[in-house]
There are 4 protein chains.
Amino acid sequence: MKHCRDPTSHNQSEQRLRWVFKLYFHTHTETMAKKLVIIDTDCGIDDAQAIMMALAAPNIQILCVTCVFGNATVDNVCQNVLTVLSVCERGGIPVFRGCARPLVGANNLSSDHFGTDGLGDVIKDRDPNWEKKIQREHAVNAMIRLVSENQNKVSLVALGPLTNLALAVRLDPCFPQKLEELYIMGGNMEGKGNFTLCAEFNFAMDPESAYVVLEEFLCPTYIAPWEYSCRNGLTWEFFEELINQDAPAARFMKMITSKCWAYSKEAMINKRDVYFGSCFVTYDAYAVAACIDKNVVMESIQCPVRVELQGSIARGMLALDRTNELKKSHSVYVLTKCDIAKFSQLLMESLRQPFKK
Amino acid sequence: MKHCRDPTSHNQSEQRLRWVFKLYFHTHTETMAKKLVIIDTDCGIDDAQAIMMALAAPNIQILCVTCVFGNATVDNVCQNVLTVLSVCERGGIPVFRGCARPLVGANNLSSDHFGTDGLGDVIKDRDPNWEKKIQREHAVNAMIRLVSENQNKVSLVALGPLTNLALAVRLDPCFPQKLEELYIMGGNMEGKGNFTLCAEFNFAMDPESAYVVLEEFLCPTYIAPWEYSCRNGLTWEFFEELINQDAPAARFMKMITSKCWAYSKEAMINKRDVYFGSCFVTYDAYAVAACIDKNVVMESIQCPVRVELQGSIARGMLALDRTNELKKSHSVYVLTKCDIAKFSQLLMESLRQPFKK
Amino acid sequence: MKHCRDPTSHNQSEQRLRWVFKLYFHTHTETMAKKLVIIDTDCGIDDAQAIMMALAAPNIQILCVTCVFGNATVDNVCQNVLTVLSVCERGGIPVFRGCARPLVGANNLSSDHFGTDGLGDVIKDRDPNWEKKIQREHAVNAMIRLVSENQNKVSLVALGPLTNLALAVRLDPCFPQKLEELYIMGGNMEGKGNFTLCAEFNFAMDPESAYVVLEEFLCPTYIAPWEYSCRNGLTWEFFEELINQDAPAARFMKMITSKCWAYSKEAMINKRDVYFGSCFVTYDAYAVAACIDKNVVMESIQCPVRVELQGSIARGMLALDRTNELKKSHSVYVLTKCDIAKFSQLLMESLRQPFKK
Amino acid sequence: MKHCRDPTSHNQSEQRLRWVFKLYFHTHTETMAKKLVIIDTDCGIDDAQAIMMALAAPNIQILCVTCVFGNATVDNVCQNVLTVLSVCERGGIPVFRGCARPLVGANNLSSDHFGTDGLGDVIKDRDPNWEKKIQREHAVNAMIRLVSENQNKVSLVALGPLTNLALAVRLDPCFPQKLEELYIMGGNMEGKGNFTLCAEFNFAMDPESAYVVLEEFLCPTYIAPWEYSCRNGLTWEFFEELINQDAPAARFMKMITSKCWAYSKEAMINKRDVYFGSCFVTYDAYAVAACIDKNVVMESIQCPVRVELQGSIARGMLALDRTNELKKSHSVYVLTKCDIAKFSQLLMESLRQPFKK
């Protein structure tokens, strides 16, 4: 049997050392090799923003983008990703289609947070030949292959339901140990949900996959929960400045947010507003920003976590186990405080694409 | 059939008016009639403190104390209540034995937070004839009878698992509508528990009863959740001053907290410390204080709530439904900010008993 | 504390001896004292039949009838019981109102199996003063009182949801030990339900109460599950003969079954027909018959049982633990084979009331 | 998107016609093309027997064997399959390693029903180079590839936990529609389990996968539940005759059953004995026999089914929905009555391998 490296040897102090080292390295070295990244996405508007941020980062090399259902059907997600890459003139990055539905699928939820197509329902000139531009290999197999070819060098950034990741560890139990790091946008910290009463959207859409990933991915894991983005939200003035930049990416972002209620600050009060006040929050970009530059994260909680599977109101909720009630040996980093200045700068730069070469 | 008053007519604006009126009344009138109160308790150390606070309040008349399992067996609880009343020379207040176990009892939890006997395991001269001092009527029947005899005049203060209250509404569906107000110490607001991973002690001990009470008690309801007490904790210096007063009640409190780890600020780090920092927190007294004087409460959230019954880690968790996801018509007040000066004063006074007449 | 008799001393071999003794006694003694019985019912048509069977039995003295919601509201049930007693000229038997809803009530089921009023919606001359004929004491308190006054002499026959019984053991933990025997119509044996996919009506209506009763009632317990009645059904010819007898009770039964689809053999195929074929099945009478004469029961399985509370399709299902997976010490008798001749005779006699004195 | 053939067109009457046709065809034609079969197995002793039966069937061509955890670890299962193929001199059939653990894995069950290695812990000369004989492709990908290459021609026979099948439909949503037929050994019909209180082993080991397969595999599906094998068990005399045949396969079977308590008729009473009496039951062979020759199945129930995921005692239980409570459009065949003579003959023949060519 192909035995994985002992996950317990991938221990916490080792992780911390690595982080410290990398922070140093990152700060002091200009000639650093690029970070290899796979982005797994259910490409809605905020995923589009997050992908653009990764595309704009000089220290990031995107190996591929893998698609999953979520903000829209997986087919819409594929098209959305192709569109974003095209706007940024980065069509060479391979795109893989992944799962079309949750791991078990006992609940039946859907969303039109960002319109039916996930990008605000405003794009008219969709490419009729998009399917030919999608790689034939399944996203999960592609993930496994690329990570196996680049062991301990790939950072995986997950911006949607975690279905592809859960399948990857089932097909290759060593997959998590081959990762350099895992970044997740998803989950929540305080029992309040933005989709169901107690659960955040990405986790609520596939609680079983979230459970599997957080129980079995023993690599260094950074979670940007809902509260992280909401507590570190930006002003609507910043949003206006952001999308009114003179560049194709900014114009694209302005277009797709133009008719989307989620980007209208006058819109009906939503849950975020009730809990955190009105502000501009581009969820997925927070996870990508942490991957690009760890200094963007100013504070985090290191502790074991678990996802509730059985609850009638709490199904899909993420729970932090700060007092080690569950006797788990693995801890993750739950991000809590963001350097908003650094984050804003990353956002601004991301919409100036395509860059001249 | 004895039809209850339409609960929907007991509406929210009416409630608010009543509160406003009472605040006014309470502030400006010296000759106010005493508030009739039933205390339902699983008498541990903080319940003892809370009962003493109620005994000391000049505007409160305690109709009876009803006992329930929780911090100790219901028999220990009965003895503890008799002891507290005896220390304060208020032995005339009737004490009723209630439920010995949770409504359904599918989980099997126990606690020695305040020692095996609930009062720190230091009391030696227990009364061997205590059973004769307990009323023969069951606590639940006594509650129903006393509230029916004093319709819309009785405030019920629940300091333990809510089993007696759940049974009361089953035996008399109109019981909640006959109450003036309900005060509960229990539950939590942010998905973090002090007993199980996600649930607070009183709710975790009997989630079904907590569910029943919060779904069916449509009277004005004030919940002092775990976070309320923790976020409004007092200093250990205050605690020293409190228990070192020269009065029987203070000496009693000093004795029962003397060997209890929960009252040792040097003790092992507990969950409260992890989340809120080290401080002196006497949970149940916060609910009693709100009943004595509404001005002690500086802020609260008014919203529907629900208790999770099905969860594997979230069973017993209280969830606030601030965006009305559940379409419930009834809201409760979840207390969030306390006037610590007023609260401290009530505590100080409570340990100067028995008062000279 | 009032300690209950040790339930483990109420052991299985003792139970078996008692049964053997009673069978002998019952067969050979004419001068036997009457068996004291309390009937707890959600009086629908088959409950009416069952009550009449108990009224007709010369060896049975009915102490009282306690009412519970189920086939109809508890108020309708009260009226139905009064009507049945009146038809049989046994108005002297006290009737108590019990619980109007399930113990926890997290599900929201209802039934019109026997019409809205539970007795086929054909009775026109309802007594407008019926409420005065209902005792003032709550059914649960009455049960506890009567059983305590006649310790180890009362057989309790439960024909509806087990809510009253669950409350009784909460209010008096010794209640089960004071019972002579418990007979229950309810539950199922083979994972097939007649109300939800996997659960029988009485248990599905209040799974928590069924759970409590089957975990905590350690007295000799006889369960007549759904399959027992269906597998021992009678012919529609027998039914015709039964209701066409020349007596008020028969005429009453003919009237209330006249427009009820459940008593129309030509009616739409129901679940019973799918599983067991078409026949006349009067559920509750099977439990009463076992109480009247143990010889009616030809075979039973003695084993521990448990009710599923958590299931999404199996909630309320009864499971037999014949291989002692659950390590429970208490077993019940699950009835499987009925002496149909004896049972038919009891039915026939029951509809010849009122009897001349 | 690769759209699957409309599953609703794969309708029930079409299925029935096909069956009828094939029965006719099978009976009257000698020159029939061989049936292409994939066997998915957690190879314990009865799986070994079942595989041998398939190997012996002249009308079956085994495309591959895919392995899954269950009776032993997936690595042991791989070795067991290689051993069985080697005994029968059919080493050319490719073997693929599949999943090592359940889809979600929230429960943690294990079994030593057939010894630690799944084949009775008696094999000593294990091949140290076995891993080289396992194909490099993952079982799930191999399944998808082979079924896609032979659309509507492959029968899939699943003898273990259904994890590989659940993954296959996640990776290729059209996978079920490309299957000719699906045969499953697993589940139960009457709420009684052989592994947990209410669930059968294969389903209890991975309830989520069983749920996914029975909700999403809309191809013709034949389930041989636990009761089917138990109700159609063979005598221990037959077993003696079976394993004492003069052939390598029989000698192998005699060896691996020699020290296994499950094959000792004098062994401790097990659940099967309690419910069905003592007999020789070789579970998995019943599913293979149905695939080889539909005439072996004398009776079946056609209805929708569902697996319970949430239950505390019923988790993993299979429920038959004969009255269409769940409003599902897809039905499966649940086998109930077996032609024991035909089945015995298939068993006898299966142990005469390797066959002379």
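Along its three principal directions, the equivalent ellipsoid of segment A:189-252 from the Cα gyration tensor extends over semi-axes of 31, 16, 12 Å, largest first. Of the Cα atoms belonging to segment A:46-175, the radius of gyration and Dmax stand at 14.6, 43 Å.
Each eigenvalue of the Cα gyration tensor of segment C:63-119, multiplied by 5 and square-rooted, gives one semi-axis; in descending order these are 23, 14, 6 Å.
Among residues of chain C, the one whose beta-carbon sits closest to the C-to-D rotation axis is listed with its distance in Å as C:G191, 1. The charge dipole of chain B, taken about its Cα centre with unit charges on the Cβ of Lys, Arg, Asp and Glu (plus for the first two, minus for the last two), comes to roughly 680 debye. Each residue, D:N152 and C:K153, gets one label point 7 Å from its Cα in the Cβ direction; the gap between the two is 7.8 nm. The packing ranking, built from the mean of other Cβ atoms within 10 Å per residue, places the peptides D:148-155, A:306-313 in the order A:306-313, D:148-155, highest first. Amide H contacts for C:Y183 (H built 1.01 Å from N in the peptide plane; partners 5 or more residues away or on another chain; cut-off under 5 Å): C:L156, C:V157, C:A158, C:Y222. The mean number of Cβ atoms from other chains found within 10 Å of a Cβ in peptide C:302-309 is 4, as a whole number. Applying both filters, DSSP loop and at most 16 other Cβ atoms within 10 Å, to the trypsin sites (Lys or Arg not before Pro) of segment D:202-272 gives D:K259, D:K265. Sorting C:335-346, C:41-52, D:315-326, D:163-174 by average packing, meaning the other beta carbons within 10 Å per residue, from highest down gives C:41-52, D:163-174, D:315-326, C:335-346. Working from Cα pairs under 8 Å separated by at least six residues, relative contact order for chain D is 21 percent. When A and B come together, around 2100 square angstrom of accessible surface is lost from both chains combined, probe 1.4 Å.
Taken along its principal axes, the alpha carbon cloud of segment D:38-84 reaches lengths of 31, 18, 15 Å, longest axis first. For the pair A:S86 and B:E237, label points projected 7 Å from Cα toward Cβ lie 6.9 nm apart.
The accessible area of D:T196, taken with all protein chains in place and a 1.4 Å probe, comes to roughly 40 Å². Residues whose amide H lies under 5 Å from that of B:V332, counting only those 5 or more places away or on a different chain, are B:C303, B:V305; hydrogens are built 1.01 Å from N in the peptide plane. Say the dipole of segment C:33-350 comes from +1 at the beta carbon of Lys and Arg and -1 at that of Asp and Glu; which of C:M317, C:A48, C:Y183 then lies farthest toward its positive end? The Cα lying farthest towards the positive end belongs to C:Y183. From its DSSP helices (H runs of at least four residues, each -39,500 (n - 2.57)), chain B gives a residue-normalised ellipticity at 222 nm of -11000 deg cm²/dmol.
The contact residues of segment A:75-106, meaning those that lose at least 20 Å² of 1.4 Å-probe accessible area when all protein chains sit together rather than their chain alone, are A:D75, A:R97, A:A100, A:R101, A:L103, A:V104, A:A106.
Expressed as a fraction of 2.2 N^0.38 Å, the C-alpha radius of gyration for segment D:245-357 is 1.37. Rolling a 1.4 Å probe over the protein heavy atoms leaves C:Y263 with an accessible area of roughly 20 Å². Set the Cα radius of gyration of the protein assembly as shown against 2.2 N^0.38 Å, with N its number of residues, and you get 1.00.
Testing the spin-label approximation: label points 7 Å from Cα along Cα→Cβ at C:S278 and C:M348. State their distance in nm. Roughly 2.5 nm, to one decimal. Check A:I60: other-chain or 5+ apart residues with amide H under 5 Å from its amide H, H built from backbone geometry? Distant-sequence amide H within range of A:I60: A:K35.
The fraction of accessible area contributed by carbon and sulfur in the protein assembly as shown is 52 percent, rounded to a whole number (1.4 Å probe; ligands and nucleic acids excluded). Cα extents for chain B along the principal axes, largest to smallest and rounded to whole angstrom: 50, 46, 40.
Computed from the C-beta positions of A:N295 and A:A247, the FRET efficiency with R₀ = 22 Å rounds to 0.30.
The values are calculated or read from the model by the stated rules, or taken from the named source; none is laboratory data. The model shown is predicted, which means the values in this text are computed figures rather than measured ones. Please note: Cβ atoms are built from the backbone with ideal geometry, for glycine as well, and neighbour counts cover all protein chains shown. Please note that ligands, DNA and RNA were not included when accessible areas were found on the heavy atoms of the full protein model with its side chains. Shrake-Rupley method; radii C 1.70, N 1.55, O 1.52, S 1.80 Å.
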